[in-house]
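The values are calculated or read from the model by the stated rules, or taken from the named source; none is laboratory data. All figures in this text were calculated on a predicted structure; none of them were measured in a lab. Because the Cβ atoms are built from the backbone with ideal geometry, glycine has one as well, and the counts that use them run over all protein chains shown.
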Amino acid sequence: MAYFVTGATGFIGRHLVQELVDHREGDVFVLCRAGSMGRLETLMRRWGSDRVVPVVGDLSEPGLGVDEAWVAEHRGDIDHFFHLAAIYDMTADDATNEVMNVGGTRGAVELAGDLEAGRFHQVSSVAAAGEHRGRFDETMFDEGQHLPSPYHRTKYESERIVREESAVPWRVYRPSIVVGHSETGAMDKVDGPYYFFPVMKMLRDRLPSWLPMVGVDLGQTNVVPVDYVAKAMDHLAHLPGRDGEAFHLVNPEPQPTVEMINLFCKAAGAPQFATPASRLPVPAPLRAANIINAVVKTRPAQIALDQTLGRIGIPAEVLAHTGFTAVFDSVRTEQALAGSGIAVPDLESYADSLWGYWEEHLDQATGSNARIRSALTGKYVLITGASSGIGQVTALKVAQAGGIPVLVARGKDKLEETKSVIEMRGGTAHVFPCDLSDLESIDRLCEQVSAELPTIDFVINNAGRSIRRSLRLSHDRFHDFERTMQLNYFGAIRLIMGLMPAMEAQKSGHIVNISSIGVQTNPPRFSAYVASKSALDSWSNVVASEVVGNGVTFTNIHMPLVRTPMIAPTKLYDKFPTISPAQAADTVITAMVEKPHEINTPLGNVGAVAHTVAPKLAFRILNMAYHVFPDSAAAKGEPSAGGTRESEQIMLAKVFKGIHW
C-alpha cells in the first residue's frame, strides 16, 4: 500500500498524514514545493515516521510539476492519491482561487492518471452547493445553484473536473467549516468563526459576563473539528465499493449561528446574545438572517464594512456568508462510518479548547501593537516555567512581538516543542533546561546564559510550586514549606543574583515576578505558598531601591487564580471563575512594557486594605471561607461536600473572583 498526498503541510493534510502514518502501512509520498522543504521537515519530525517521503512539485504546474522520471519509477505503485492542496479562504481573489483550486485540481487529476493510481480522493467543500436552498444530499452536485463568490465557484468547478476528467476511480469529500482539533484545539489559521474571536475578547475585557446582549437571528451554520474530518476521510477512503460517491463531512444537526457564537462567548467569559425575535413566525424573505445577508452583499455595504469591521480583522466577504442556505444531508456518510467509532462531537464539548488555543496561539493583538513591538523587538526575555501555562504563552507572545524568548524549565523536550512552534512562525528562541530547585544548576544556567547571549533584557520569574493544605494536615509535612521556599523564593532570588552583574553592566534590565493575589488576601490553606511569594515580594522591594540607579527595575504581579496545570490537582477549582493563561500572559507583557512597581487586581487591593483597616473582620471572613471550602483530596482531607455546601463554595468563589480558596 502506498499513498500520495498533496497539501500535506496544510491544516487538514497534516492530520490526514498522521492518520495514515498511525493506522496504515506503506510509504506516504507528500508533494512539497522546494521552498517549503524546511517546514515539511519539521512536520516529518512531528509525524515520527520515516515512511513519509517528500516529492518536489508545484500546484500551479501541469502534472503538479513532478519530475517525469519519478512518475515513471512509481507508475502503478500508488494505491490512494489524496488531493487536499487548495485555497480554503473566502477572502482570496478570483485569480488565486482559479490557479490553486481549479488549475491545481486539473494538475492533480493529470498526475494521478499518469501514475495509474488506484483511486483519486478529492477534498472538496460544502461550498460547492453554493446558495442552494433546502436539503442538499450527497448524491446532488449540479443543481443549478447560485455560486456567489470565487471560492464557491472554484470549489464547484474543481469537483466537476474530478467527476468528468479523472481517468481513475474517484471519491469526493465535502467538509463544512473546519475548526481546530476537538481535544487540543490546535488550529493553524484564522478562518470561519475565528474571525469573530477578537470581538469576543474585546467584549470580555470590557463588559461583565453576566450582562445580557441582544442579537439577531443569523441563520444556520455547520462546523466540524479537523480530527473528525481526517479520521472520517481515512476510514471512508479504505471502504470497498464506494467509488464515484461524495461524502458530507458535516455536523448532522445544523447549528444556529448565534448559538455557536454564544458557546464561544461562554468559553471566553464574554457576555452572550439573546435573539427573542427568532422565535416569531416570520416569512423566510423577512427573516433577519436573509435580510442581513442580502444587504451585506451589496457593493456599498461591502465598502462600509471594509472600513469598519474590516479594520478589526473581520473581512466583509466573511460577513456576507455567515450562514448556510442549504441543509447538508449526511445520511450516507453516517451509515458508512457506522461501527467505526468516528462521529462528530458536540461543539459544546470542545468550544473551550478551540477558544483556549486561539487565545494562546493565534491571537495577534500582541504582535500588532506598535508600542509592545517597540519595547520587545530584539530583546532577550528569560522565562522560567516556559514549558507550559503562563510561561509558555508568554514566550509565544514575546516572539510574536519580535522578542527572543529564552526558555527555561526542567523538561527539555517540552521546551524544544515550544521553540519549534516559535520557529515555524518565523521567530527565534533559545532553550536552556534547568532544575530551578537546584541552586547549583541555577548557577550554571546563569554562567551559560551570560556567556552565550549578548544581553539579558527581561527576566520573568514564573516557575513556581503551589501547595493547598491546612495547617492541621501539615504537622508532619514540614517539607511542604521547604519545597515552596526552595523554588518560589530561593530559586528565584538565586537566578536574579546570578544575572544581576550582567544587567548592571549593560545598565538595563527588568525583572517580573509572578506573585499571587494571596499575598494581599492571605487565604486559608496556602500558608506555605503565600509565605514563599511574600518573601519574594519583600526581597524584590528591598533590592529595587538598591539597584534603581543601575538601570535595573522590578515588577511584582499579584496574579489571580489562573487556569494552569498547577491548580489541576485541586478539583474544587474546576467550577471556579479563573483567568486563562493568555490573560495572565497579557498582564506579563504589560509589566514588561510599562514597568510598573506592581500590578494588582481591584479585589486584591480591597483585601490588602481590609487587612490594614479592619483586620478582625477580614480574618472572620477568611475563617468562614476556611470552613466552607474543605481540604482537597490531594491534601488528604475530607472529600468535597455537595449540595448546599457546594453552592456556597461557588457563590463565594464568584463574589471573591480570582482568590485561591
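Points to keep in mind about this one:
- Residue check for VAL562: assigned by TED's automatic domain parsing to the domain that holds ARG469 and out of contact with any strand residue (DSSP E or B) (no Cβ under 6 Å at 6 or more places or on another chain): no
- Residue in region 144-156 that is without any contact (Cβ under 8 Å) to a residue 40 or more places away in the chain, in the same structural domain as HIS235 (by TED's automatic domain parsing), within 22 Å of GLY13 (Cα to Cα) and out of contact with any Pro (no Cβ under 9 Å at 6 or more places or on another chain) present: yes
- Taking each residue of region 373-390 that is under 12 Å from VAL459 (Cα atoms) and looking for partners that are assigned to a helix (DSSP H, G or I) and β-branched (Val, Ile, Thr) with beta-carbon atoms closer than 6 Å, six or more apart or interchain, yields VAL381/VAL398; ILE383/THR394.
- Pairs are defined by a Cβ separation below 8 Å, a sequence spacing of at least 6 or placement on different chains, a first member in region 241-268 that is at positive phi, and a second member that is among the basic types (Lys, Arg) and part of a strand (DSSP E or B); the pairs so defined are GLY244/ARG171.
- Residue in region 282-303 that is at pLDDT 65 or above and closer than 30 Å to THR578 by Cβ present: no
- Each residue in region 68-78 was checked for being farther than 18 Å from GLY7 by Cα and either assigned to a loop (DSSP other than H, G, I, E, B) or not assigned by TED's automatic domain parsing to the domain that holds ASN101 (or both), and 3 pass.
- Region 169-203 - residue that is closer than 25 Å to ALA129 by Cα and basic (Lys, Arg) and, of those, nearest to the chain's Cα centre (by Cα): LYS189
- Screening region 201-239 for residues that are assigned to a strand (DSSP E or B) and touching a Ser or Thr at 6+ places or on another chain (Cβ under 9 Å) and picking the one that is nearest to GLY356 (Cα to Cα) gives PRO225.
- Residue in region 38-47 that is more than 27 Å from LYS155 (Cα to Cα), modelled with pLDDT under 95 and among the β-branched types (Val, Ile, Thr) present: yes
- Enumeration of residues in region 579-608 that are more than 27 Å from ALA653 (Cα to Cα), in a helix (DSSP H, G or I) and of a type outside the set (Val, Ile, Thr): MET592, GLU594
Listed here are the residues, each with its yes/no results for (1) within 30 Å of GLY402 (Cα to Cα); (2) polar (S, T, N, Q); (3) within 27 Å of the chain's Cα centre (by Cα).
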residue	(1), (2), (3)
ILE589	yes, no, yes
HIS597	yes, no, no
THR601	yes, yes, yes
VAL606	no, no, no
ALA618	no, no, no
MET624	no, no, no
PHE629	no, no, no
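- Among residues that are free of Cβ contacts under 8 Å to residues at least 24 places away in the same chain and surrounded by fewer than 17 Cβ atoms within 10 Å (Cβ to Cβ), GLU164 is included.
- Test result for ASP22, over 21 Å from ARG153 (Cα atoms), in a helix (DSSP H, G or I) and either of a type in the set (D, E, K, R) or not assigned by TED's automatic domain parsing to the domain that holds LYS231 (or both): yes
- All of ILE467, ILE460, ILE456 fail the test of being in a loop (DSSP other than H, G, I, E, B), modelled with pLDDT of 95 or more and hydrophobic (A, V, I, L, M, F, W, C), apart from ILE456.
- Looking only at residues in region 206-264 that are of a type in the set (Phe, Trp, Tyr) and farther than 22 Å from ARG160 by Cα, the one that is nearest to the chain's Cα centre (by Cα) is PHE264.
- Number of positions in region 587-609 that are surrounded by fewer than 20 Cβ atoms within 10 Å (Cβ to Cβ) and over 29 Å from PHE619 (Cβ atoms): 5
So that you can scan it fast, the table gives a plain yes or no per residue for (1) aliphatic (A, V, I, L, M); (2) without any contact (Cβ under 8 Å) to a residue 40 or more places away in the chain; (3) in the same structural domain as ILE78 (by TED's automatic domain parsing); (4) on the phi > 0 side of the Ramachandran plot:
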residue: PRO169; (1), (2), (3), (4): no, no, yes, no
residue: ILE177; (1), (2), (3), (4): yes, no, yes, no
residue: HIS181; (1), (2), (3), (4): no, no, yes, no
residue: ASP205; (1), (2), (3), (4): no, yes, no, no
residue: SER209; (1), (2), (3), (4): no, no, no, no
residue: VAL226; (1), (2), (3), (4): yes, no, yes, no
residue: ALA232; (1), (2), (3), (4): yes, no, yes, no
residue: ALA237; (1), (2), (3), (4): yes, no, yes, no
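- Taken over region 103-138, the criterion of being within 16 Å of GLY323 (Cβ to Cβ) and small (Gly, Ala, Ser) is satisfied by SER125, ALA127, ALA129, GLY130, GLY134.
- Residue match in region 406-421 (condition: without any contact (Cβ under 8 Å) to a residue 40 or more places away in the chain, assigned to a strand (DSSP E or B) and buried (at least 22 other Cβ atoms within 10 Å of the Cβ)): yes
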